[in-house]
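The values are calculated or read from the model by the stated rules, or taken from the named source; none is laboratory data. Note that the coordinates shown come from a computational prediction; the quantities given were computed from them, not determined experimentally. Every residue, glycine among them, receives a Cβ derived from its backbone with ideal geometry; neighbour counts consider all protein chains shown.
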Amino acid sequence: MTRISYRVGILLISPTSEPVPVSIKLDFNVTNNAAEYEVCLLGLRSALDLGVKKLLVHGDSSLVINQVGGSWKIKSQSLAPYQTRIEELEKYFEDIRYVHLSREENQFADALSKLAALINIPDHVDSMPICVERRSSPAYVNAIC
């Protein structure tokens, strides 16, 4: 059986507009809808790890946003455990709301998911840190002689 490796991008933004980008490879078999739920769970877990208490979740999966937001019922039994886990994590937040975005409005998270697909992570490594910076002047300007 061919293994499909899904990749996800999560962008957490602090109240001071500081971005916290996360790229993840899902190295197990999963359906498209389950992968979308994985993104939601991983985003919630990342926010909790950072001590976030109030969270506004923007997502481009109308299925997940509407189901976790309570507008739609879950029909698939395979997705029910995801909903249960999300409900467990929601208890740790003082306030959590879900908003649907179009894919065009979610370009940064999409770019993060593409980054996860491009990087080969060796089997013995769980994560590879990456830093993307903006420079307004050439490196030689700040050179120490």
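Before moving on, here are some points about what is shown:
- Just one residue in the set 52, 125, 68 is of a type in the set (Val, Ile, Thr) and under 16 Å from residue 21 (Cα atoms); that residue is 52.
- In segment 48-73, the residues that are of a type outside the set (Ser, Thr, Tyr) and crowded, with 17+ Cβ neighbours inside 10 Å: 52, 55, 57, 59, 60, 63, 64, 65, 67, 68
- Breaking point among (1) under 23 Å from residue 57 (Cα atoms); (2) polar (S, T, N, Q); (3) at pLDDT below 80, for residue 102: (3)
- Restricted to segment 7-47, and to residues there that are over 21 Å from residue 117 (Cα atoms) and at pLDDT 90 or above, the residue that is surrounded by the fewest Cβ atoms within 10 Å (Cβ to Cβ) is 45.
- Applying the set (1) assigned to a loop (DSSP other than H, G, I, E, B); (2) without any contact (Cβ under 8 Å) to a residue 24 or more places away in the chain to residue 84 leaves exactly one unmet item: (1).
- Scanning segment 110-129 for residues that are touching a residue at least 24 places away in the same chain (Cβ under 8 Å) and farther than 11 Å from residue 24 by Cα yields 110, 111.
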